[in-house]
Amino acid sequence: ACPLYCHQRFWCGCQLVLHTSTGGVLATDWLQEAEPLAINRLKVAKTMVGRLKALVDMGATVDEHTADQVLVYAALADGQTKLRVPSPSQRTSLHVEAAISVIHAFTGATFKETVDPHNKAVSTLTCDGVPAWLGDTA
């Protein structure tokens, strides 16, 4: 954990990234206001590894925080992009929903999310890209 000094307070944070053999990028992070020496690093590590294991076990191809960034590129790509992400009931934030709303407003790209009927922890997020919104490149 590396301390970040901000407004007379210490913030300790860590990020753990797993690159899968199938090209997936799964990540988890942790951020807490605390004195660096007061952090139980072993507990943080176990929590983060547990979160990554949950993503792998549910069959996600990206985590929710990577998905919200990848969606921008999916919207700009020609054709359809599909991601397996934690279902809304498993997410810890509204990053994906906010990204979809903003990206759709700017590009007109359409998104559809379908919860896996056999595994409610994961859903398929489909984006129909609209590269034409950038204008004619010819």
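A few comments on the model shown:
- Aspartates and glutamates whose Cα lies under 14 Å from that of Lys120, excluding same-chain neighbours fewer than 8 positions away: Asp57
- Residue-averaged 222 nm ellipticity for the chain, from DSSP H runs of 4+ at -39500 (n - 2.57), nearest 500: -10500 deg cm²/dmol
- Cβ-Cβ distance of Val102 and Leu42, R₀ of 41 Å, FRET efficiency by 1/(1 + (r/R0)^6): the value works out to about 0.60.
- Against the criterion of solvent-accessible heavy-atom surface with a 1.4 angstrom probe, Cys14, Cys127 sort, most first, into Cys14, Cys127.
- Label-reachable residues, region 43-64, where backbone N falls under 12 Å from a point 7 Å from Thr92's Cα toward its Cβ: 44-55, 64
- Against the chain, whose longest principal axis is taken from its Cα atoms, helix 95-107 shows a tilt of about 30°.
- Solvent-accessible area per residue in region 40-138 equals 60 Å², computed with a 1.4 angstrom probe and all protein chains kept.
- Label selected from (1) 17.6, 59; (2) 16.6, 49; (3) 14.5, 45, the criterion being Rg and Dmax of the Cα atoms in Å as computed here: (1)
- Within the accessible surface of the chain, defined with a 1.4 Å probe on protein heavy atoms only, the carbon and sulfur portion equals 60 percent.
- Computed E for Lys82/Trp11 - FRET, C-beta separation, R0 41 angstrom, nearest 0.05: 0.70
- All lysines inside 21 Å of Lys43 as judged from Cα atoms, apart from same-chain residues fewer than 8 positions distant: Lys53
- Degrees separating the helix 41-58 axis from the principal Cα axis of the chain, which is the longest one: 30 degrees
The values are calculated or read from the model by the stated rules, or taken from the named source; none is laboratory data. A quick note: this is a predicted structure, and the numbers were derived from the prediction, not measured. Note: ideal-geometry Cβ built from the backbone for every residue, glycine included; neighbour counts use all protein chains shown. Note: areas computed on protein heavy atoms with side chains; ligands, DNA, RNA excluded. Shrake-Rupley method; radii C 1.70, N 1.55, O 1.52, S 1.80 Å.
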